[in-house]
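Have a look at the structure below before the remarks.
The values are calculated or read from the model by the stated rules, or taken from the named source; none is laboratory data. Because the structure is a prediction, the values reported are computed rather than measured. Heads up, the Cβs are rebuilt from the backbone with ideal geometry, glycines too, and the neighbour counts pull from every protein chain shown. In case anyone asks, the SASA skips ligands and DNA or RNA and just uses the protein heavy atoms, side chains included. Shrake-Rupley method; radii C 1.70, N 1.55, O 1.52, S 1.80 Å.
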Amino acid sequence: MENCFPVINMEKLEGEEREKTMELLRDACENWGFFELLNHGISRELMDEVERLTKGHYRKCREQRFKEFASKALEEGKQSDTTNNMDWESTFFLCHLPESNMCEIPDLDDKYRKAMKEFAVGIEKLAERLLDLLCENLGLEKGYLKKAFCGSKGPTFGTKVSNYPPCPRPELIKGLRAHTDAGGIILLFQDDRVSGLQLLKDGQWIDVPPMRHSIVVNLGDQLEVISNGKYKSVMHRVLARTDGNRMSIASFYNPGSDAVIFPAPSLLEKEAERKNEAYPKFVFEDYMKLYVGQKFQAKEPRFEAMKDLENVSAHPILTS
């Protein structure tokens, strides 16, 4: 069935259907940039606990604050285009690597901190397992992608905890504007009751189906560069809904800030005729500085800007 969203049962990687499952993963990475995982190794009990605590935390600590902000923003949006440059979401960020900030978030209670810490450990293991599966499909040695992400302090790993509350005027504002993710591999635990996440495929917006106890995965810009375009990051967005509060817990396994990112040499060797079309080489932090101002724009100009920077670096101006 065309446009049937790829769902991968990781249990099948251990049995007779491994080859078929790896082929499904390859197709998802090459043609979708998104896929959904079942039986991924994170317990359902832990996921239920994280969901319960996340939704309770929003109601207790953030809902009223968001309502006050949203009411004012919508009022202003009726008279101007202010809402074109904002998102209908309530978020906070947790850093896990290279250093945790979990103790610095003031309104998290001990139970929530403990659950999120345990969840992050599971997600980190899953991210690293997925990177090795991607290595296998790309013909790279095991551990190549993890090593490529390691700057002097290892990879960067963090979680964006979001709630997308009901919006009375969804025609005025997006839950989250369309963008590609700048980093490496993104693992999302999303609400299974309230939809809203969509990806752009072949010029059409397609729903990412809510599925109980699944983890949605999408590829970031850095995997597109390392794979020299074999895998693609894709535009995605969140629609604002008139009913239901959508929970989203997105964990980002990214390169370290000083990691040098470039296409894997063995992939260039296999595609010698495309050497002139190779993606640029750059320091991840430099890419992020550019991304901050261009997040909601097309990614291609960012790659071109990095290529221009690479050419300038490679050809310094000689002075007497």
>> Checking the structure you have, find out if any residue of the range 82-93 is in a loop (DSSP other than H, G, I, E, B), of a type outside the set (A, V, I, L, M) and under 19 Å from residue 252 (Cβ atoms).
In response: yes
> Within the range 29-47, can one find any residue that is among the basic types (Lys, Arg), surrounded by 12 or more Cβ atoms within 10 Å (Cβ to Cβ) and not in a loop (DSSP other than H, G, I, E, B)?
Replying inline: no
>> Just the residues that are surrounded by fewer than 16 Cβ atoms within 10 Å (Cβ to Cβ) and either in contact with a strand residue (DSSP E or B) (Cβ under 8 Å, 6 or more places away or on another chain) or among the basic types (Lys, Arg) (or both), please, taken from the range 280-294.
In response: 289
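Residue under question is residue 26, and the condition is that it be open to solvent by 80 Å² or more (accessible area, probe 1.4 Å), farther than 20 Å from residue 176 by Cβ and at pLDDT 95 or above; does it hold?
Here the answer is no, as residue 26 does not meet what is asked.
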> Does residue 275 fit the bill of being in a helix (DSSP H, G or I), modelled with pLDDT under 95 and either among the hydrophobic types (A, V, I, L, M, F, W, C) or touching a strand residue (DSSP E or B) at 6+ places or on another chain (Cβ under 9 Å) (or both)?
Replying inline: no
>> Restricting to the range 243-260, name every residue that is touching a Gly at 6+ places or on another chain (Cβ under 7 Å), more than 11 Å from residue 185 (Cβ to Cβ) and open to solvent by less than 30 Å² (accessible area, probe 1.4 Å).
In response: 246, 256, 259
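Restricting attention to the range 147-177, report how many residues are of a type in the set (Lys, Arg) and either within 14 Å of residue 220 (Cα to Cα) or assigned to a strand (DSSP E or B) (or both).
Pass one, the range 147-177, residues of a type in the set (Lys, Arg): 147, 153, 160, 169, 174, 177.
Keeping just the survivors that are either within 14 Å of residue 220 (Cα to Cα) or assigned to a strand (DSSP E or B) (or both) gives 160, 177.
Of the residues in the range 147-177, 2 are of a type in the set (Lys, Arg) and either within 14 Å of residue 220 (Cα to Cα) or assigned to a strand (DSSP E or B) (or both).
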> Residues that are touching a helix residue (DSSP H, G or I) at 6+ places or on another chain (Cβ under 8 Å) and aliphatic (A, V, I, L, M): which strands (runs of 3 or more DSSP E) entirely in the range 178-232 hold 2 or more of them?
Replying inline: 185-190, 215-219
